[in-house]
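Engineer: The structure under discussion is supplied below as structure tokens; questions concerning it will follow.
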Amino acid sequence: MEHFNIYIKTSLHGPAKRAAAGMWIVEHEREDGTIETKDGMLYREMIKENELVFQCLINAFFIINRTGEKTGSVGVFTECEHVLNTMNNHWLPMWKKNSWRNAKGKMVSNMLLWTRLDGLMEPYTVSFSGEGHSYSDYMARRIEKEMERRNQ
């Protein structure tokens, strides 16, 4: 079975909206032991951390879907507390079951992004972790350069 890792890093932390860059790396571990990586970056003028993480994840899952693999496992590494809490507390299946309403009966924020991401994750076994990873420093430097370039 094929395995993928997605690493997400952003220049934002917390719910405040502001200009930010986010980066993703997709690592594809093939059954023969070879590893292939692809990456990308986004910049947005006014965005929250979780929204930027959603957009990075959606782009990363598009890369995985283009490999043609329709099964396998995906490990997602992100520092975004909102995304980690949602996935690790199994809120997403509850929201879907409750017509995209949260435990308080209110419509889920970013429902369209969650719906899109959920559809892309559907064929895979996906786990989420907030633990550090070997790409963290590399991604932080790339994001910092992008932010400097945008602020000139």
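The values are calculated or read from the model by the stated rules, or taken from the named source; none is laboratory data. The structure presented is a predicted model; accordingly, all values stated were derived computationally and were not measured. Reconstructed Cβ throughout: ideal geometry from the backbone, glycine too, with neighbour counts over all protein chains shown. These accessible areas exclude ligands, DNA and RNA; they are computed on the full protein's heavy atoms, side chains included. Shrake-Rupley method; radii C 1.70, N 1.55, O 1.52, S 1.80 Å.
Engineer: With charges only on Cβ, +1 for K and R and -1 for D and E, what is the dipole size of the chain about its Cα centre, in debye, rounded to 20?
Structural biologist: 880 debye
Engineer: Give the Debye-formula value of log10 I(q)/I(0) at each listed q (0.18, 0.31 Å⁻¹), with one equal scatterer per alpha carbon of segment 1-60, two decimals each.
Structural biologist: Debye curve over Cα of segment 1-60, log10 I(q)/I(0) at q = 0.18, 0.31 Å⁻¹: -0.60, -1.21.
Engineer: Which of L57, L112, L120 ends up with the largest GNM mean-square fluctuation for the chain, with Cα atoms connected below 10 Å?
Structural biologist: L112
Engineer: How big is the gap, in Å, between the Cα center of segment 91-108 and the Cα center of segment 1-53?
Structural biologist: A separation of 25 Å, based on Cα centres.
Engineer: Taking only Cα atoms and a 10 Å spring cutoff, compute GNM fluctuations for the chain and point out the largest among D32, D137, D118.
Structural biologist: Comparing D32, D137, D118 in a Gaussian network model of the chain, the most mobile one is D32.
Engineer: Counting only heavy atoms of protein chains, what accessible area per residue, in Å², does segment 80-152 have with a probe of 1.4 Å?
Structural biologist: Counting only protein heavy atoms, the per-residue value for segment 80-152 is 69 Å².
Engineer: On the accessible surface of segment 1-88, probed at 1.4 Å, how many percent belong to carbon and sulfur atoms?
Structural biologist: The value for segment 1-88 is 48 percent carbon and sulfur by accessible area.
Engineer: If the limit is 23 Å between Cα atoms, which of K9/K38; K9/K48; K17/K38 go over it?
Structural biologist: K17/K38
Engineer: Which length gain, in nm to one decimal place, applies between R150 and N85 when the Cα-Cα distance is subtracted from 0.36 nm times their residue separation?
Structural biologist: On the way: separation 65, 0.36 × 65 = 23.40 nm, distance 3.11 nm.
20.3 nm is the gain from fully extending R150 to N85.
Engineer: For T67 and M46, calculate 0.36 nm times their separation in residues minus their Cα-Cα distance, and state this gained length in nm to one decimal.
Structural biologist: Residue separation times 0.36 nm, minus the Cα-Cα distance, leaves 4.4 nm.
Engineer: Right, another one. Give me the number: length gained by fully extending R30 to N102, i.e. 0.36 nm times residue separation minus the C-alpha to C-alpha distance, one decimal in nm.
Structural biologist: Contour length minus Cα-Cα distance gives 22.1 nm.
Engineer: Shape verdict for segment 43-114, please, from the Cα gyration tensor: rounded (a/c under 1.5), prolate (a/b greater than b/c) or oblate.
Structural biologist: oblate
Engineer: Given segment 16-152, what percent of its DSSP beta bridges are antiparallel, to the nearest 5?
Structural biologist: 70 percent
Engineer: If you don't mind, another one. Just to be sure I follow: if Rg is taken over the C-alpha atoms of segment 1-122 and Rh is the Kirkwood radius over the same atoms, what is Rg/Rh?
Structural biologist: 0.98
Engineer: Okay, moving on. When the chain is modelled as a GNM with alpha-carbon springs shorter than 10 Å, which of F62, F128, F77 fluctuates the most?
Structural biologist: F62
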